[in-house]
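Visitor: For reference, the structure I am asking about is given below.
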Amino acid sequence: MKLSPGHKAKLLKFSQKTLIVLDKLFVLLVKIYEKPVEKAKRDFYLEFKTDMTEDELRELRYQITLRWSVAVFVVLFLIFFIWRSGR
């Protein structure tokens with residue numbers, strides 16, 4: 001399929017804007033994800049005067065990921081349930 005130069009420019013501009021929005025969203029999600037990790041590392045250091053090991057960090061990140069996954073699943077399930085009951 002051939003596109004006219006106007007359509008190509010429009011598609012390129014839309015793609016660039018979409019990528020910028022997705023990049024900002026990804027940066028925001030990483031900040032939200034890393035904030036509890038940094039807080040836990042700081043609290044651990046203040047309590048035990050030593051840094052967390054890689055295994056402890058991995059377990060903490062696993063717990064955060066699990067919590068977020070369950071929360072997202074529950075929200076999506078509720079949206080689906082509400083949508084299905086409205087039909």
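The values are calculated or read from the model by the stated rules, or taken from the named source; none is laboratory data. What you see is a predicted model; the values in this text were computed from it and never measured. A quick note on method: Cβ atoms are made from the backbone with ideal geometry, for glycine too, and the neighbour counts reach across all protein chains shown. The accessibility values were calculated without ligands, DNA or RNA, using every heavy atom of the protein model including side chains. Shrake-Rupley method; radii C 1.70, N 1.55, O 1.52, S 1.80 Å.
Visitor: Fully extended, how many nm does the chain gain between LEU19 and LYS31 (0.36 nm per residue separation, minus their Cα-Cα distance)?
Guide: On the way: separation 12, 0.36 × 12 = 4.32 nm, distance 1.83 nm.
So the extension gain works out to 2.5 nm.
Visitor: At 1.4 Å probe size, with every protein chain present, just tell me what the per residue accessible area of the chain comes to in Å².
Guide: 95
Visitor: Would you calculate, for the chain, the mean residue ellipticity at 222 nm contributed by helices, counting each DSSP H stretch of 4 or more residues as -39,500 (n - 2.57) and dividing by all residues, to the nearest 500?
Guide: -32000 deg cm²/dmol
Visitor: Sticking with this structure for a sec: Can you give the angle from 0 to 90° between the axis of helix 5-48 and the longest principal axis of the chain, with both taken from C-alpha atoms, to the nearest 10?
Guide: It works out to around 10 degrees.
Visitor: Follow-up. Counting other C-beta atoms within 10 Å, and keeping those with at most 15, which DSSP coil trypsin sites (Lys or Arg not before Pro) do you find in region 23-72?
Guide: LYS49
Visitor: Which entry is the computed Rg/Rh (Cα atoms, Kirkwood Rh) for this structure: (i) 1.24; (ii) 0.91; (iii) 1.43?
Guide: The listed entry that was calculated here is (i).
Visitor: If you place +1 on the Cβ of every Lys and Arg and -1 on the Cβ of every Asp and Glu, how big does the dipole about the Cα centre of region 15-87 come out, in debye to the nearest 20?
Guide: 560
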